[in-house]
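The values are calculated or read from the model by the stated rules, or taken from the named source; none is laboratory data. Please read all numbers here as calculations on a predicted model, not as lab measurements. With ideal geometry, Cβ positions are generated from the backbone for all residues, glycine too; neighbour counts draw on all protein chains shown. Accessible surface is based on the protein model in full, side chains and every heavy atom, while ligands, DNA and RNA are left aside. Shrake-Rupley method; radii C 1.70, N 1.55, O 1.52, S 1.80 Å.
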Amino acid sequence: MSRRIRPPGVLFAGGPILTMAEPHRVEAVAIADERIVHAGSLADCRLALGRDRHEIDLGGRALLPGFVDAHAHPLMAGQTSSWVDAGPDAAGSIDELVALLARHARILPPGRPVLAFGYDHRRLAERRHPTAADLDRVATDREVYLMNGSGHGGVVNSFALAGHGITAATPDLPGGELGRHPDGSPNGFLMDAACDLLTGPDGVKIGNHGPNFHLPATPAETAAALDRAMEAFLRAGVTTVLDAQVSRREMEAWIEARDAGRLRLRTNMLVISSLLDDVLELGLTGRLGDDILAFSGIKLYADGTLGGWTAWFPEGYAGEPDNHGLLYHEPAEYRELVRRAHSAGLQTGTHAQSPAAIEIVLDALEAAQHERPRPDLRHAIEHCGLPTDDQIARMARLGIVAVAQPQHHRSYGDNVRAAVGEEMGGRYNPLGLFEASGVRFALSSDAPVNPPQPLLAVQAAVERRTVSGARLGGPELRLSVASALEGITIGGAYAIHREQSIGSLEPGKLADLAILAADPTGVANEAIGSITVEETWLGGVRVT
C-alpha cells in the first residue's frame, strides 16, 4: 500500500496582505493541501507549517483573495473574443464600422460569417443603429452579424435575414424587438427575445425569458471559446465565476471541460428560467455540485438593457418619450415563475434595471417569501441599475442581494443620463446607497459587456466617472476602496452562497489567491485599474 506524500506547505510574506476578514491585514499566510492553514504573524505561519514548507517573498507585492465575479457570461465572452472588435474605440461611425468589417470579410474563407461585437449606437456619429442595408455594404454573399455591446441583440445583413427566414410576415416576439421599415419589412435590427430567430432551427430557444446570445458553434469551437474565457478570467485574478445565463449549451460546455480536465475556474451556474420546468422535473432543489462546478439556481429577466434603451419605462424615456423599452413577462407571469422557483428552494437572480422593473421583482419576491418563508435564499437583483430609495430599503428588509457592474456606469453612464435624464441617470448603480442601507452587494463584470477586470471595477465604484470624465451623482453614491474590494471578493462569495469556502483569507478556506503588483488601497484612485495581476493561485496551485 503506497503512502500519500504530503506536499510542502507554502508561506507568503513580504508584502501587504489584505484578508477581507478580521484582521484586515496580516503579516503572512500559510497554505497546505489546497487550503489556508493560518493567516497572521510570520512566526505563527511558520509554526503552523513546520519545517516542510516553501516560503515565497512577495517583494512588496500585494496578496488578496482570488476575485469572485458574481455575474458573467464566460462562454459568450470567449466566443466574442474571436470576433471583430466593433467597440467605440475601433469605429466612431457607421461608415467606419462598415469599412472595418469589410476589411475583415476580405480575409475570411468563402461563406464564413462576419461576426463583430461591441458597437454602442449612442456613441456613433450617426447616433443610430446600423441597418441591414448598411451591413450589405460589408458583404452580400455571407451572413454579417454585428452584436451590440450590451449583448442583448444587434444587426444582421440582408443575407442573414433571408437565411433565417425573417420577413415582413415574421411576427413580433414577446419580450423582443424586431426592427422594421415603414412597410413592415425587417430592417436588420433584432433585440432581446427576437434573437431567438438567429440560432437556427435546432439552436437554443428561450422565448420571452431573456436575450438569446446562445449562438451555435461546433464542439471544438465551443471548447476553444471556453478555454479563452477561463484564461482571461484567471489572468485578471478571478478564481470563481457565476455563469449568469446557462442553457443546455453552457451546461454541456462546462461539464465537458470538467470531464476533460480543462476546467480551471470555479464555476457556479444560474440556469435560464425557460428551463425551469426541466429543472423542477429533475428534482433539482437548492445548490448541486462541488467546489469546482455547481448549479446555483435560476436566472430570470424582468426588463431589457439600459445601454440599448430597452429597459422598461412605462412613462417613456426622457430622451425618447415614445420608447418604453421591453418587459419580458407580465407581472403575474413573472410572479408565478418566482413563486415556483422559491417554493422549490431555488435561489433566483433577476435582471432588472428600471424602477418599474425592480418594483415587479420586489413584489414577486416579497409575495413568494410571505407564502413560503425560506430564510437566506439570497435572491438577487442582477444589475439593479436605477432603484429608488424606497426600493433600496425594501431590498434591505427582504435580504435581497444587489449584483452590480461598476464598469457599466463607466462605459454607459453618459448614455444612461441621456436616456433617463440627469437626476435619475446620476444615480446609476447607487453602490454607496446599498452599503449605507445594509443591502448586501457584489461587484461583477457582465463579461463580455465589459472585460473581466476586477480592479477596473473597483476604480469605477470608487470614482463614479464615465468615459467622458463626467462624475455620476454625489459622494454618497461612491464606495471606499476597501468596500469595493470586498464587493469583488467576499461580497461575490456571499452572493453565491460560497462565503464559507472562498472570498477571504481565513483558515480552512480554499487557497485561491491573487498577487498584485501594488496594494489597491495604497495608490491614487485613478491608478487602481492599471495595477497588474502578476499571479493567480487556485487551491494552492499557481495557474497563471
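The candidates Asp389, Asp519, Asp243, arranged from most to least accessible area with a 1.4 Å probe in the full protein assembly, appear as Asp389, Asp519, Asp243. Spacing of the modelled spin labels on Arg262 and Ala436, each 7 Å from Cα toward Cβ, amounts to 4.8 nm.
Counting Lys and Arg as +1 and Asp and Glu as -1, each charge on the Cβ, what is the dipole of the chain about the Cα centre in debye, to the nearest 20?
That gives the chain a dipole magnitude of about 1300 debye.
With unit charges on the beta carbon (Lys/Arg positive, Asp/Glu negative), name the residue among Ala367, Ala294, Gly325 whose Cα is farthest towards the positive pole of the charge dipole of region 242-383. Among Ala367, Ala294, Gly325, the one farthest towards the positive end of the dipole of region 242-383 is Ala294.
Scanning the chain for DSSP H helices at least 15 Å long along the axis (C-alpha atoms) with a Kyte-Doolittle mean no lower than -1.0 picks out 94-107, 219-235, 355-371.
If you work out semi-axes √(5λ) of the Cα gyration tensor in Å from the coordinates, which of [x] 60, 32, 19; [y] 38, 26, 24; [z] 40, 30, 19 do you get? Calculated semi-axes √(5λ) of the Cα gyration tensor in Å: the matching label is [y].
When nucleic acids and ligands are ignored and a 1.4 Å probe is applied, Thr170 ends up with an accessible area of around 20 Å².
Counting only DSSP beta bridges with both residues in region 59-164, what percent are antiparallel, rounded to the nearest 5?
If we restrict to bridges inside region 59-164, about 30 percent are antiparallel.
Taking only DSSP H segments of four or more residues, each worth -39500 (n - 2.57), what value at 222 nm results for the chain once the sum is divided by all its residues, to the nearest 500 deg cm²/dmol? Walk me through the numbers on the way to the answer.
Details: 17 runs with 164 residues, N = 544.
Estimated from H runs of four or more residues: -8500 deg cm²/dmol.
A simple spin-label model places pseudo-atoms 7 Å from Cα toward Cβ; at Asp277 and Arg248 they are separated by 1.4 nm.
Taking the alpha-carbon centroid of each part, what is the distance from region 228-258 to region 312-381 in angstrom? Region 228-258 and region 312-381 have Cα centres spaced 26 Å from each other.
Quick one: if the Förster radius is 41 Å, what FRET efficiency do Glu34 and Arg471 give, using the C-beta to C-beta distance and rounding to 0.05?
0.40
Restricting attention to the chain, close to 45% of DSSP beta bridges with both partner residues there are antiparallel. Positive-end ranking of Val533, Ser468, Leu49 along the dipole of the chain, with charges on Cβ about the Cα centre, is headed by Leu49. Placing His129, His342 in order of accessible area, with the largest value first and a 1.4 Å probe, yields His129, His342.
Here the calculated FRET efficiency for Lys205 and Ile255, from their Cβ-Cβ distance with R0 = 22 Å, stands at 0.60, rounded to the nearest 0.05.
When both bridge partners sit in region 1-84, DSSP labels roughly 65% of those beta bridges antiparallel. Given their separation in residues at 0.36 nm each and the Cα-Cα distance between them, His370 and Arg25 gain 120.1 nm when the chain is fully extended.
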